[in-house]
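Below is one structure, written out as structure tokens; the observations come after it.
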Amino acid sequence: MHSKHSTRVAVAALGATLITALTACAGTASAESAPVTATPAATEATDHADHAHETTGRVVVTYENGIAVLDPHTLETLAEIPTEAFTRVNSFGDGRTVAVTTTEGFRFLDTVEGVLSDPLVAATAAGHVVVHDGKTVLFDDGTGTTTVFDTAAFDAGYDTLPESTGHTAPAAHHGVSIVLSDGTLLTTVGDDSGRTGAVALAPKGDSWEQIAITDQCPGIHGEGTAQNETVVFGCEDGALVYSQGAFQKLTAPDAYGRMGNAFVSETSPIVVGDYKNDPDAEGYLLEAVTLIDTATGGFRVVDLPAEVRYTFRDIARGPDDLAYILSTDGQIHVLDPVSGEIVRAFSVVAPWQGPAQWQDPHPAIRVDGDIAYVTEPAARAVHAVDLATGETIATTTLDHAPNELAVAAD
């Protein structure tokens, strides 16, 4: 997947029982651990990778049967790693590591060396990865197991799996967990018949002590932490807020009003959520957002202009706590969460249609500082956009259509 740079390239200013600590776990040889194909730039990065704490903010994209690591400034391809047909990628939060979900479990990509390490956290259905306050939390949907690492766990290298702690839910479910600054574990509650709510647990010796629990969040999904460490989960009839040891339910204006993902800034009290009010609607495009004011308990649904349609991959928070929506019209629309108004828009990609399946390649956006990284699968392209000016400052064309997108951010 060698990148072919356009003439627009510029330098960017750029979530029961405590389980024992995990020990090193070596994976069997597979395509995932095959050698990378590196460009000269990747070789140079490897030669200078003796700085264990180096922060790179490198961009990682997946494609069918592979992952590419891109330079955050030029978007040059630094390394390519063979993988399974479909993988997901998530920032580990240390500025260098990306967690990769595979059929074996969670693997860890060193974006400086361009190597997918052998040690893994075994999981039957690797799911959400959440980073908050120096902890990175993995959730296995197949067992209901939460695994908690220090976010700096890989500073010593990737040869062995770092120590971790964890919790196993009473029943497996598609869930998420987060650890707060005081050690509280917030984790979802559910089983194979559905998901109902969340529980807050405090560490107590080798076990957990329940602080609060609720079953008032059907279909609970997604998580985000807003200002003052207020956590929001999405429900099929609104949202669930956790703050200062208690849960609060916020009810949607529609009988079915699903928020599945929370887009947050830890310096803003307002959470932007995706929103769907028709359970029978076909496709994955959405046309409204929720605005949740965690300071007042306010819950608003804002209908977007007719030209603004998006999927779960297409909202990110960025400079000035604004929300940036990558729409099917090819533009990034800038939403002010306070007023609920679109205040600006600028073109980035060609107009596109929603995916037939959620796993299918379709445009995605991730923000690191003032820079938005945007994928354009139809053109096999990745773009870097300066959100201050709306200018596309770098573009690269890949050999395969990019799918999942992550930035190895702090």
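The values are calculated or read from the model by the stated rules, or taken from the named source; none is laboratory data. Small disclaimer: the values here were computed from a predicted structure and weren't measured. Cβ sites come from the backbone with ideal geometry, for glycine too, and all protein chains shown count toward neighbours.
Quick notes on this structure:
- The single condition among (1) more than 19 Å from the chain's Cα centre (by Cα); (2) crowded, with 22+ Cβ neighbours inside 10 Å; (3) modelled with pLDDT under 50; (4) in a loop (DSSP other than H, G, I, E, B) that residue 15 does not meet is (1).
- Residue check, residue 136 hydroxyl-bearing (Ser, Thr, Tyr) and assigned to a loop (DSSP other than H, G, I, E, B): no
- Counting only strands (runs of 3 or more DSSP E) wholly contained in region 208-277, no element carries 2 or more residues that are outside the structural domain of residue 298 (by TED's automatic domain parsing).
- Some residue of region 313-322 being part of a strand (DSSP E or B), of a type in the set (Gly, Ala, Ser), under 25 Å from residue 406 (Cα atoms) and not assigned by TED's automatic domain parsing to the domain that holds residue 195: yes
- Test: residue 309 is under 16 Å from residue 226 (Cβ atoms) and in contact with a Leu (Cβ under 7 Å, 6 or more places away or on another chain): no
- Subset of region 220-251 [among the small types (Gly, Ala, Ser) and crowded, with 20+ Cβ neighbours inside 10 Å]: 222, 224, 226, 234, 238, 239
- Annotation note: of 351, 363, 305, the sole residue that is in a loop (DSSP other than H, G, I, E, B), of a type outside the set (A, V, I, L, M, F, W, C) and within 20 Å of the chain's Cα centre (by Cα) is 363.
- If you filter region 150-166 down to residues that are of a type in the set (A, V, I, L, M) and assigned to a loop (DSSP other than H, G, I, E, B), you find that the one that is farthest from residue 140 (Cα to Cα) is 152.
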